[in-house]
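**Student:** Let me give you the structure first, and then I'll get to my questions.
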Amino acid sequence: MRKLVPTITFIVLAASACGGSGGGSGGGSSGGAAEPIRVGLIVSLTGNYTPLGSEDKKAVELAVEQVNAQGGLLGRKVELVERDDKTAPDQGIVAFNQIKGQIDALIGPVFSNSALAVEPLTERAKIPQLSLAPAQEQVEPIKSYVFVTPALSNMYAERYLQYIQSEKITKIAVAHDTKSAYSVAGHKAMVALAPKYGVSVVADEPYETTTSDFSAIFTHVRDSGAQALVFWGSGAPGVTVGKQYAASGLKVPLFLTAAQASKLWLEPMGSAAEGMTVQSAIGVIGDHLPDSKQKQVIDQMATPFKQKYGYPPPQFAQDGYSASLLLFEAIRKAGSTDKEKVRQALENMDLVTPNGRFRYSATDHSGLKPDYISVNTVKNGQFVPTKWAAEQLAKTVTAE
């Protein structure tokens, strides 16, 4: 099997062999310094999704530093053109319009609502976009130039249902943020898939991003006979519900999604997080994996990230770094920054990243399977895979 681990050195050497100093239609002028490859990065640096966007930014910048330290791509340096969407779809549109004429490709946004607002623009401009948002509407139906890096909401829903079935839980309560596309999509998928796993949704609780009191939801869950509460939400609501749950005395276990797989949730939660169940991308729990290609590429990111920032890369950083590797590899394979060639290279991608192994195709612009999602327990302030998740992930990575 061909090598799938995208070490930065491997990418650059191969790219130099394919592209020289110009790289096809995307190259610089002959006889002088090649123009940089300009990658747009639109993430939330202010507003509710600041914790997500700031981590994505750190990871993308790390990937760019690494590839530039090895000589760049196609003999050209990679340069980021960064903008803040302020956790607002209209500002995402403003940000894209500011940079669309300057960039060869786009990474972001991280906020699903903003990503959904931007994707018609990238599609019209024919600019390859690696979205950092997990809402499945981005790729269902397929858009030619839009690819998603995080696992989709429906994959997180299915992975939780697999775990719930393994725990012999048959009745669940589900709470979701009606103002978040990620949350709405996850809730919809969980309700639709539950019967497949012998699970009934006995309490279905909507809330809004601005909700500050979840006591009514806890009361409904307590009265419903549910054996677990699955909470779909990003940003501040994840901390608020976690703290209030810990103080509520509710005995039903709380299951949180990967939006909480970060120190940005763990730190404000403190000891109240102990024992809670939280999903994550496989890269978050890389230390618990057996030796494998998957573990190697996670370490390629995690080691320098920890050295630079003093903590392990959280969920959102995994997304940003994975998007960077996918884009770099596509440019290398295209031998150019020609947007159509890069799009075609992405559509034929098979690459191991910190988020798992991507297999994009003409009919799949998500590229991941639920197999690369972990279900964790918080122990001593760390995310530790459950016994079930550890066994499932070990099978997945050793089978590559």
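The values are calculated or read from the model by the stated rules, or taken from the named source; none is laboratory data. Everything quoted here is computed from the prediction, not taken from an experiment. So basically every Cβ, Gly included, is an ideal-geometry build from the backbone, and we count neighbours across all protein chains shown. These accessible areas exclude ligands, DNA and RNA; they are computed on the full protein's heavy atoms, side chains included. Shrake-Rupley method; radii C 1.70, N 1.55, O 1.52, S 1.80 Å.
**Student:** Please go through (1) under 21 Å from residue 258 (Cβ atoms); (2) open to solvent by 10 Å² or more (accessible area, probe 1.4 Å); (3) out of contact with any helix residue (DSSP H, G or I) (no Cβ under 7 Å at 6 or more places or on another chain) for residue 51 and return the number of the only condition it doesn't satisfy.
**Tutor:** (3)
**Student:** Filter the stretch 137-178 for residues that are touching an Asp or Glu at 6+ places or on another chain (Cβ under 7 Å), over 30 Å from residue 213 (Cβ atoms) and not polar (S, T, N, Q) and give the result.
**Tutor:** Correct list: 143, 145, 146.
**Student:** For the stretch 369-381, which positions are surrounded by fewer than 22 Cβ atoms within 10 Å (Cβ to Cβ) and in contact with a helix residue (DSSP H, G or I) (Cβ under 8 Å, 6 or more places away or on another chain)?
**Tutor:** Selection gives 369, 370, 371, 381.
**Student:** Is it the case that the stretch 377-394 has a residue that's hydroxyl-bearing (Ser, Thr, Tyr), under 28 Å from residue 165 (Cβ atoms) and touching a strand residue (DSSP E or B) at 6+ places or on another chain (Cβ under 6 Å)?
**Tutor:** Yes, the stretch 377-394 has at least one match.
**Student:** Which one is surrounded by the most Cβ atoms within 10 Å (Cβ to Cβ) among residues in the stretch 247-261 that are of a type outside the set (A, V, I, L, M, F, W, C) and assigned to a helix (DSSP H, G or I)?
**Tutor:** For the stretch 247-261, the residue satisfying everything is 260.
**Student:** Take the stretch 96-116 and flag every residue that is assigned to a helix (DSSP H, G or I) and out of contact with any Pro (no Cβ under 8 Å at 6 or more places or on another chain).
**Tutor:** Of everything in the stretch 96-116, those that are assigned to a helix (DSSP H, G or I) and out of contact with any Pro (no Cβ under 8 Å at 6 or more places or on another chain) turn out to be 96, 97, 98, 99.
**Student:** Also: What are the residues in the stretch 278-311 that are of a type outside the set (Gly, Ala, Ser), out of contact with any Leu (no Cβ under 7 Å at 6 or more places or on another chain) and farther than 23 Å from residue 57 by Cβ, if any?
**Tutor:** Result: 287, 288, 290, 291, 294, 296.
**Student:** Mind listing whichever residues of the stretch 288-313 are in contact (Cβ under 8 Å) with a residue 12 or more places away in the chain and open to solvent by 50 Å² or more (accessible area, probe 1.4 Å)?
**Tutor:** 288, 293, 296, 299, 308, 309, 312
**Student:** Something else about it: Report, by residue number, each residue of the stretch 340-368 that is touching a Pro at 6+ places or on another chain (Cβ under 6 Å) and open to solvent by 10 Å² or more (accessible area, probe 1.4 Å).
**Tutor:** 343, the sole residue that qualifies.
**Student:** Hey, which of the helices (runs of 4 or more DSSP H) in the stretch 117-227, taking only ones fully inside, have at least 1 residues that are surrounded by fewer than 20 Cβ atoms within 10 Å (Cβ to Cβ), without any contact (Cβ under 8 Å) to a residue 60 or more places away in the chain and among the hydrophobic types (A, V, I, L, M, F, W, C)?
**Tutor:** Fully inside the stretch 117-227 and qualifying: 181-193, 215-224.
**Student:** So which residues in the stretch 40-60 are of a type outside the set (Phe, Trp, Tyr) and outside any helix (DSSP H, G or I), if there are any at all?
**Tutor:** Those that are of a type outside the set (Phe, Trp, Tyr) and outside any helix (DSSP H, G or I): 40, 41, 42, 43, 44, 45, 46, 47, 48.
**Student:** Filter the stretch 61-90 down to residues that are closer than 13 Å to residue 39 by Cβ and among the basic types (Lys, Arg) and give me whichever is most open to solvent (accessible area, probe 1.4 Å).
**Tutor:** The residue in question is 77.
**Student:** Could you say which residue among 44, 54 is of a type in the set (Ser, Thr, Tyr) and within 22 Å of residue 127 (Cα to Cα)?
**Tutor:** 44
**Student:** Criterion first (open to solvent by 20 Å² or more (accessible area, probe 1.4 Å), hydroxyl-bearing (Ser, Thr, Tyr), in contact (Cβ under 8 Å) with a residue 12 or more places away in the chain and part of a loop (DSSP other than H, G, I, E, B)) does residue 234 satisfy it?
**Tutor:** Against the criterion (open to solvent by 20 Å² or more (accessible area, probe 1.4 Å), hydroxyl-bearing (Ser, Thr, Tyr), in contact (Cβ under 8 Å) with a residue 12 or more places away in the chain and part of a loop (DSSP other than H, G, I, E, B)), residue 234 does not qualify.
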